[in-house]
Every structure is written in C-alpha cells, then in structure tokens.
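Below is one structure, written out as structure tokens, with a few remarks after it.
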Amino acid sequence: MGRKDHAIRIMQCSRDTDRTENPGRDVLQMSHHESRRGFLRDLASVGAGLTVLQLTGIAEAARNKRARGSAYVGELVAPRIENLRCAFIGVGSRGAGQLERFLEVQGVTVPAIVDPHVPAAEKAAAACEMKGHKKPDLYTGGVHDYKRMLERDDIDAVVISTPWDWHVPQAVDAMKANKHVFCEVPFSYTVDGNWEVVETAEKTQKHCMMLENVCYGREELMFLNMVQKGVIGDLLHGEAAYIHDLRIQMKDIEYGTGSWRTLHESKRNGNLYPTHGLGPVAQYMGIDRGEDRFSFLVSIGSPAKGRAKYARENFPPDHARNKARYICGDINSSLIQTEKGRSILLQYDTTTPRPYTRLNLIQGTKGALAGFPTRVAIEGRANTHEWIEGEKLDPIIQEFEHPLWKEMGERAAKTGGHGGMDFLMFWRLVQNLKNGAAMDQNVYEGASWSVVSALTEASVKKRGRTIDFPDFTRGQWKTTHRAAI
C-alpha cells in the first residue's frame, strides 16, 4: 500500500469511528479518534513527507464518495405532516423565545420539553398551557435525558436550542431516531461535526435545517427578491457581519448563554458566530443552490483586549473571569471567494463598544443594496452617488416587498421575535412540512455557513493563509434549484 493510499485509509477509519459521548471536542481536531495521542500515532505511520494541509486535503478527498445507503438531500421532500408534533431540546433564553413563536403557529403540538434546568423546563411547560396546549412531558434528568425522549414514536421533529457543543450529538441522535431536526446556529464549529450532520441526514433521509432566522427578516427577504429579479445586475460582492456588544453575557456565571459562550472566547480565535450575517448574503448569491459555492477564505484577527478589560472592571481580581486568558481577537475580519470569483467581507465582533450591525450589503453591476439602515443605490433610478433611504425608499419597498412578507408580515411583526423573523421562520417550515415541500435551507447550506468558524480559526492560526471550503454537496450544488422562497 502506497503512502497516499495509507493516509486515505487512516482518514476513512477515523471518520467511521463511533462518536464520543463527550461533545466538547477540540475545534481544530481533524479526526474522530478518541485521543490526540492515537491520532498522532497514526499520522506518524503515514510518513514525514506529508504536510498537515496535504493530510486535510486527503481527508476531504476520502469524503468524495457518499456512503452506501445514503442519498443526496438538497431538495428532500418528506411525507406530509398535517399536524406537527415537535419536542424542544433546550428552553433557556433562546429556546424559550423559540417556543413562544412556535406556539403561535396553527397545527402544532409540543409533546415534550427537554432541559436539565428544571425551572426553565417548568416555565416552558406553563407557556404551552397558557396557549391552550396540553402540558408537555418534561425530561429534566440530566444532559443526556434527551435520549430518553427520542425513544418516543409520537414526535415528528425536534427543535434544538442548546449550547454549541451539543448541537451535533443531539441532531445526529434525533435523525437516527427518525425525527426531523431544526437546529439553532451553528450546526457545528468543527469541520468533522458539520460532515457528521450532513452524512447523517443523507443516511436517514430526514430534514435537518439550521434555524437561521435572519433569512426571514423583512429587509433580507426584499433584497433577495430584488436580486432574483435582476434589479442590481450580476452579483460581484457581499458584506456580512455579526457585530453585537455581548460583554454583559460574561456576568452569566451559573446559568445563561454567557455561562458557556464566554468560554469559547478563551479557547478559540476566529469568527465564532458567522451565520447571521452570512446566511442572507449566501442566499442572494445562490450558494450551494445551482449558482455558486464558497471556494476559500482568508482570516485575520485583531488583538484580544476587550474581554480582559471588562473582567478587570466588573469582577474581583481572584474571580474566574479574571483568571481566564481570552485569546479570540476582538474583531475578526475574513474574506471569502466563491467559485465564480465573487468576494464576501465577513466580520465578527461581540466585544467592542459599537452599535449592532450585520452589514448586509450586496453589490451588483447595476447597483447595491445595504442594511443598517436600509438603503439602496440602483442605476437609472437615482444618482448612484447618493443612497435612496428613509421615506424615499417607500416606492422601492412597495414594488419589491417579498411575497412572503406581503402575506404574513403584519402577523409576523405583531407576533414578534427579532421584528417578526422568528415567527415567519417557524410558520414557513411548518407549512413546508404540511405541504410536503422542501425546506428553504437544506443541510448543506447550514454546514457551509457553519464551517466558516473552523476555517477562520485555521486561517488565523496560519497568519491569514487561504483555507479551502469542503464541498458538502460533493458537486451536486451545481444541479440544486434555488429554494422556493
């Protein structure tokens, strides 16, 4: 057996190894080996002639062939579900809000709530009863009690709103238990984790959609409509971001998002939360939907100063927050190039004192659409040296408001959830299940948007070196139709 063949076999074996029960694995791990020592021992047998980047390429090459019994799910249509029975795994701050919006949709029931934090589970159950639903069964017996819930056969789908480390094991276990999965962002912050989600969806033929609510924002839907109508011509460039001062979450110590999210700032250096800004821009460009795909990225980070400064100013000197070493750059900037040569500027900053923005810009040969605030420049409509914004936008909105927002926007805005996007997202996925239609975002899109975290970390570590994107579709993005949204 040649050196290259031996390397491929190692990567195949490592991918087939059973997933560990501990979901908190190293973000940059390259295999599913139970220990780094075992992985290094196998690499040594390959020989010193292959670099880490070459080995990564070999690992991706080994994935070009889909597993036996699996099939592409880019436009998966599942049997119709007239009344959706959906369990919720994780009902903390985000999960509770998701449940509230979900309960506003007609034709749904919630048979079960899973959360090891008993007060959160009980509060969620009470919310169901307040909306006229039967009290759901509660699963509060520890972090693995979700598995007991998955044994039930009266549940069609699960919504996962748990800490990031749990998304892969819970999504994979749910699909294997014959449940559709709707998972909070991101799917995974490792390359292998995203592959595992994709390959499980292909094997089980279950929907696995990442709940990127921003794709259902009013502005984002209008821009999508304008792009699809050719208003700004051929697409050239996009800008996306998640810039949101979240330092206050560091005060979540025992419970709450900051109790686990802050720890990532001390272990990882890259774009830790890419999908809110990137998802809509990817949809404008038709990424993984017949038009284009992400090809490679480069990423750099600023110094990491803000978290330590906040800790010094808000916690005692001997507090754990002051003992932590925060390594994630306060501002991460990345550039993505697509297969067609388009560029995307992507930024991440949850540390500096700066107003919220997702940038949300898409540039074409005939104009540009931009957010925060909403504004447009369209050749032939006005002087393109000035933005059309404020009241001057009203005719544009009237002409290009997305049909989905025209139909449900008033109810969505009234129901709430980030301006109505949360409700609209749930309403839409329930309708798609009811009608036996494909999801608006497939599992490959979720993986492509999520894997940015791991790739930016790798690029930052290599002083901005280019890092290639995996093709989770194995080339089938070329024949996948745009979502019917």
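The values are calculated or read from the model by the stated rules, or taken from the named source; none is laboratory data. Quick caveat, the model's predicted, so the values are computed rather than measured. Reconstructed Cβ throughout: ideal geometry from the backbone, glycine too, with neighbour counts over all protein chains shown. Quick note on the areas: whole protein, heavy atoms, side chains included, nothing else; ligands and nucleic acids left out. Shrake-Rupley method; radii C 1.70, N 1.55, O 1.52, S 1.80 Å.
For the range 231-261, taking the residues that are among the basic types (K, R) and touching a Pro at 6+ places or on another chain (Cβ under 9 Å), the one that is farthest from P163 (Cα to Cα) is identified as R247.
Please work out which residue is surrounded by the most Cβ atoms within 10 Å (Cβ to Cβ), limiting yourself to the range 48-76 and to residues that are at pLDDT below 90 and polar (S, T, N, Q). Step by step, filter the range 48-76, then rank; the result is T56.
Among the residues of the range 63-107, those identified as among the charged types (D, E, K, R) and either farther than 23 Å from E122 by Cβ or in contact with a Pro (Cβ under 9 Å, 6 or more places away or on another chain) (or both) are R63, K65, R66, R68, E75, R80, E82, R85. Restricting attention to the range 262-290, and to residues there that are open to solvent by 30 Å² or more (accessible area, probe 1.4 Å) and not polar (S, T, N, Q), which single residue is nearest to L76 (Cα to Cα)? Top of the filtered list is G290.
If the condition is being under 12 Å from I89 (Cα atoms) and in a helix (DSSP H, G or I), then the range 117-146 contributes A120, A121, A124, Y146. Which residues, counting only those in the range 204-254, are farther than 30 Å from R381 by Cβ and either free of Cβ contacts under 8 Å to residues at least 12 places away in the same chain or over 21 Å from the mean Cα position of the chain (by Cα) (or both)? R247, I248, M250, K251, D252, I253, E254 - these are the residues of the range 204-254 that are farther than 30 Å from R381 by Cβ and either free of Cβ contacts under 8 Å to residues at least 12 places away in the same chain or over 21 Å from the mean Cα position of the chain (by Cα) (or both).
The residue that is farthest from V452 (Cα to Cα), among those in the range 327-352 that are touching a Ser or Thr at 6+ places or on another chain (Cβ under 8 Å) and open to solvent by 30 Å² or more (accessible area, probe 1.4 Å), is I327.
Considered as a group, the residues in the range 134-165 that are of a type in the set (A, V, I, L, M, F, W, C) and under 21 Å from S448 (Cβ atoms) include one that is most open to solvent (accessible area, probe 1.4 Å), and that residue is W164.
Consider the range 286-314 and keep the residues that are assigned to a loop (DSSP other than H, G, I, E, B) and in contact (Cβ under 8 Å) with a residue 60 or more places away in the chain. The one that is farthest from Y348 (Cα to Cα) is G290. Among the residues of the range 78-133, the one identified as surrounded by fewer than 23 Cβ atoms within 10 Å (Cβ to Cβ), at positive phi and touching a strand residue (DSSP E or B) at 6+ places or on another chain (Cβ under 8 Å) is G107. Of the residues in the range 186-194, none is of a type outside the set (V, I, T), under 16 Å from A87 (Cβ atoms) and in contact (Cβ under 8 Å) with a residue 40 or more places away in the chain. Here is a check on your reading of the model: is M149 in a helix (DSSP H, G or I) and under 22 Å from R80 (Cβ atoms)? No. Among residues of the range 88-115 that are modelled with pLDDT under 95, those with a Cβ under 7 angstrom from a residue that is not in a loop (DSSP other than H, G, I, E, B), sequence gap 6+ or separate chain, pair up as S93/T257.
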